[in-house]
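A.B. asks: Supplied in structure tokens, the structure appears directly below.
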Amino acid sequence: MANTWPINPRRHDGYRRATCGHSAEEARAVAKLAINGGPRTIDRQIGKSWPIHGETERANLLEVLESGHWWRGGEAEASMVARFEQGFAAFQDAKYGVAITNGTQAIECALKAIGVKPGDEVICPAATFVATATACILVNAIPIVVDIDPANYQISPAAIEAAITERTVGIIPVHYGGYPVDMASIREIASRHGLWIIEDAAHAHGSTWNGQGCGSLSDIGCFSLQMGKTLTAGEGGVCLTNDEALAEKLFSFHHIGRFAGRPFYEHHIVASNLRMTEWQAAVALGGLERLEEQAETRNRNTLYFEKGLREIEGVSPIERDDWVTRWNFYFYHFKFHSEQFGGISRQRFAEALGAEGLGIGSGHLHPIQKNPLFTERNWGPACFGDNEPPDYLSIQTPECDRIAAEEGCSLTHRLFLGGTEDMDLMLEAIAKVRENVAELG
């Protein structure tokens, strides 16, 4: 299929100047791609800088400073943390929220609350940030890594089914890149095998599955508020649940073993201090006010961008499943097809596109089990009871391997916070590389 996305001639004045006064043969010898010295397609900032902040954050931070109340105060309902917990839980369609120090410890807290024991096996995807699996090890559970679905880059329900053993207790599906996973299939599998589900929704603030917020679709949902996320406090995390008993356990495990309503210096279980500070909540509340508008802007721009991608030979969007009612991504994945790009590698494509002013990454597609901590079995003080982790060198995730090496391309979420003119520039850069791919041979 030929390209139909137009190259804007006004963007190539530099090329015309470079060829002026030369013969046709000499003009053809002048490079068009920026990587070879041609004019750069994108010569200004696109999207918006991140993180975004404003008067709400300033006012909230000043309020905390002058109050002298810089921590959540245990059960203080008037605290910034409590306000954030309630507001974010409601935004994601959950009943209860417990704010945590960071996203990794949010998963740890969830695993403790749900009752994980040493040697329990927990299934998670190969395509994710490593903390999805290391959180399991930190509570003496064993992560069992499985492959992803090549259509949407999410954990494969078939791979989950194949990995279940008598030691399996639960599943941690990751809404990878903010794309809602196939929760219907995963719920059915979990129900049939008597397994719990903890959603890793670190990338999925504002994403919805069949109209319901990610993180509210299972026993517990865990979020990160790290600086790059679409809702940020610099660092931070949140656990959401619709189960009152689990909410009480989450509270206790994040609050040094205290029980709500009991004397402050009465501790009932061995637990850490995982409390979010008032400072973090002050910033997160400001971001929460913008989250809906930003999610809608990203969604609108992405649909426009996807329409353009379909017109460029050699690249394609992830075609959304019917259950994806909103994809508010941490990073946006699209697919590169080498065979339609003159056989160049994904790496060469990325280099050429970067030279045009559009940097692409690969998200967290590198299979986590290939990290040295797994291959060298560096578990630290973990104790797995009468079970042992598998030989991670032998775990095969061929789809994740292939996609990471050859196909998957990611764009950061902030690029999609501008106008359609920014989408046009990104599409123009991709189309330009495709039309001049012969220069990369």
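The values are calculated or read from the model by the stated rules, or taken from the named source; none is laboratory data. Since the model is a prediction, treat every value here as computed from it, not as a measurement. As a convention, Cβ positions derive from the backbone with ideal geometry for all residues, glycine included, and neighbour counts pool all protein chains shown.
A.B. asks: Suppose the filter is charged (D, E, K, R), surrounded by fewer than 16 Cβ atoms within 10 Å (Cβ to Cβ) and either touching a strand residue (DSSP E or B) at 6+ places or on another chain (Cβ under 7 Å) or on the phi < 0 side of the Ramachandran plot (or both); does Glu66 pass it?
C.D. replies: Yes, satisfied.
A.B. asks: Among the numbered criteria (1) surrounded by fewer than 24 Cβ atoms within 10 Å (Cβ to Cβ); (2) of a type outside the set (D, E, K, R); (3) in contact with an Asp or Glu (Cβ under 6 Å, 6 or more places away or on another chain), which one does Ala135 miss?
C.D. replies: Of everything listed in (1) surrounded by fewer than 24 Cβ atoms within 10 Å (Cβ to Cβ); (2) of a type outside the set (D, E, K, R); (3) in contact with an Asp or Glu (Cβ under 6 Å, 6 or more places away or on another chain), Ala135 misses just condition (1).
A.B. asks: Within the stretch 39-47, does at least one residue satisfy the condition of being assigned to a helix (DSSP H, G or I) and not acidic (Asp, Glu)?
C.D. replies: no
A.B. asks: Going through Gly363, Gly357, Gly408 one at a time, which residue ends up being within 21 Å of the chain's Cα centre (by Cα), buried (at least 16 other Cβ atoms within 10 Å of the Cβ), at positive phi and modelled with pLDDT of 95 or more?
C.D. replies: Gly363
A.B. asks: Continuing with this model, one more query. Return the pair list, or none, for Cβ contacts closer than 7 Å from residues in the stretch 117-137 that are within 19 Å of His366 (Cα to Cα) to residues that are surrounded by fewer than 20 Cβ atoms within 10 Å (Cβ to Cβ), at least 6 apart or on different chains.
C.D. replies: Within 7 Å, the pairs are Ile123/Ala163; Ile123/Thr168; Val130/Asn371.
A.B. asks: Now a separate question. Being farther than 16 Å from Cys124 by Cβ and among the acidic types (Asp, Glu) is the filter here, so list the residues in the stretch 349-408 that pass it.
C.D. replies: Matches in the stretch 349-408: Glu351, Glu356, Glu376, Asp386, Glu388, Asp391, Asp401, Glu406, Glu407.
A.B. asks: Out of all the residues in the stretch 429-440, which are more than 26 Å from the chain's Cα centre (by Cα) and in a helix (DSSP H, G or I)?
C.D. replies: Ala431, Lys432, Val433, Arg434, Glu435, Val437, Ala438, Glu439, Leu440
A.B. asks: Also, quick follow-up: Within the stretch 48-68, take every residue that is part of a loop (DSSP other than H, G, I, E, B) and of a type outside the set (Gly, Ala, Ser) and give me the one that is nearest to Glu428 (Cα to Cα).
C.D. replies: Out of the qualifying residues, it is Lys48.
A.B. asks: Let me ask something else about it. Within 18 Å of Ala106 (Cα to Cα) and hydroxyl-bearing (Ser, Thr, Tyr): does that describe Thr208?
C.D. replies: The answer is no for Thr208.
A.B. asks: From the list Ala31, Ala90, Ala78, pick out the single residue that is free of Cβ contacts under 8 Å to residues at least 60 places away in the same chain, among the hydrophobic types (A, V, I, L, M, F, W, C), surrounded by fewer than 21 Cβ atoms within 10 Å (Cβ to Cβ) and more than 22 Å from Phe223 (Cβ to Cβ).
C.D. replies: Just a single option satisfies the conditions, and that option is Ala78.
A.B. asks: Further, regarding this structure: Among the listed residues Ile197, Ile137, Ile144, which satisfies the condition of being at pLDDT 95 or above, β-branched (Val, Ile, Thr) and in a helix (DSSP H, G or I)?
C.D. replies: Within the list Ile197, Ile137, Ile144, the selection yields Ile137.
A.B. asks: Could you tell me which residue of the stretch 114-132 is nearest to Cys239 (Cα to Cα), considering only residues that are of a type outside the set (A, V, I, L, M) and surrounded by 24 or more Cβ atoms within 10 Å (Cβ to Cβ)?
C.D. replies: Per the criteria, the residue is Thr132.
A.B. asks: Moving on. Would you be able to tell me the number of residues in the stretch 411-433 that are out of contact with any Lys or Arg (no Cβ under 7 Å at 6 or more places or on another chain) and surrounded by fewer than 20 Cβ atoms within 10 Å (Cβ to Cβ)?
C.D. replies: The qualifying residues number 5.
A.B. asks: Let me ask something else. Give me the pairs: first residue in the stretch 243-257 and under 11 Å from Gly97 (Cα atoms), second residue buried (at least 17 other Cβ atoms within 10 Å of the Cβ) and of a type in the set (S, T, N, Q), beta-carbon distance under 9 Å, and six or more apart or on different chains, which are they?
C.D. replies: Ala247/Thr241; Leu250/Thr241
A.B. asks: Continuing with the same structure: Limited to the stretch 374-404, what total is found for residues that are in contact with a helix residue (DSSP H, G or I) (Cβ under 7 Å, 6 or more places away or on another chain), in a helix (DSSP H, G or I) and among the aliphatic types (A, V, I, L, M)?
C.D. replies: Of the residues in the stretch 374-404, 1 are in contact with a helix residue (DSSP H, G or I) (Cβ under 7 Å, 6 or more places away or on another chain), in a helix (DSSP H, G or I) and among the aliphatic types (A, V, I, L, M).
A.B. asks: Related question: Filter the stretch 366-382 for residues that are at pLDDT below 95 and exposed (fewer than 12 other Cβ atoms within 10 Å of the Cβ) and give the result.
C.D. replies: Gly380, Pro381
A.B. asks: Looking at Ala34, Ala59, Ala2, Ala29 in this structure, which one is hydrophobic (A, V, I, L, M, F, W, C) and at pLDDT below 50?
C.D. replies: Ala2
A.B. asks: Can you name every one of the strands (runs of 3 or more DSSP E) wholly within the stretch 300-360 that holds 3 or more residues which are under 14 Å from Thr412 (Cα atoms) and either in contact (Cβ under 8 Å) with a residue 12 or more places away in the chain or not β-branched (Val, Ile, Thr) (or both)?
C.D. replies: Of the strands (runs of 3 or more DSSP E) lying wholly inside the stretch 300-360, those with at least 3 residues that are under 14 Å from Thr412 (Cα atoms) and either in contact (Cβ under 8 Å) with a residue 12 or more places away in the chain or not β-branched (Val, Ile, Thr) (or both) span 331-336.
A.B. asks: Another one. Restricting attention to the stretch 246-287, which residues are among the aliphatic types (A, V, I, L, M) and either over 12 Å from Gly236 (Cβ atoms) or touching a Pro at 6+ places or on another chain (Cβ under 8 Å) (or both)?
C.D. replies: Matches in the stretch 246-287: Leu246, Ala247, Leu250, Ile256, Ala260, Ile269, Val270, Ala271.
A.B. asks: Could you look through the stretch 392-405, keep only residues that are among the β-branched types (Val, Ile, Thr) and either at pLDDT below 95 or out of contact with any Phe, Trp or Tyr (no Cβ under 8 Å at 6 or more places or on another chain) (or both), and pick out the one that is surrounded by the most Cβ atoms within 10 Å (Cβ to Cβ)?
C.D. replies: Top of the filtered list is Thr397.
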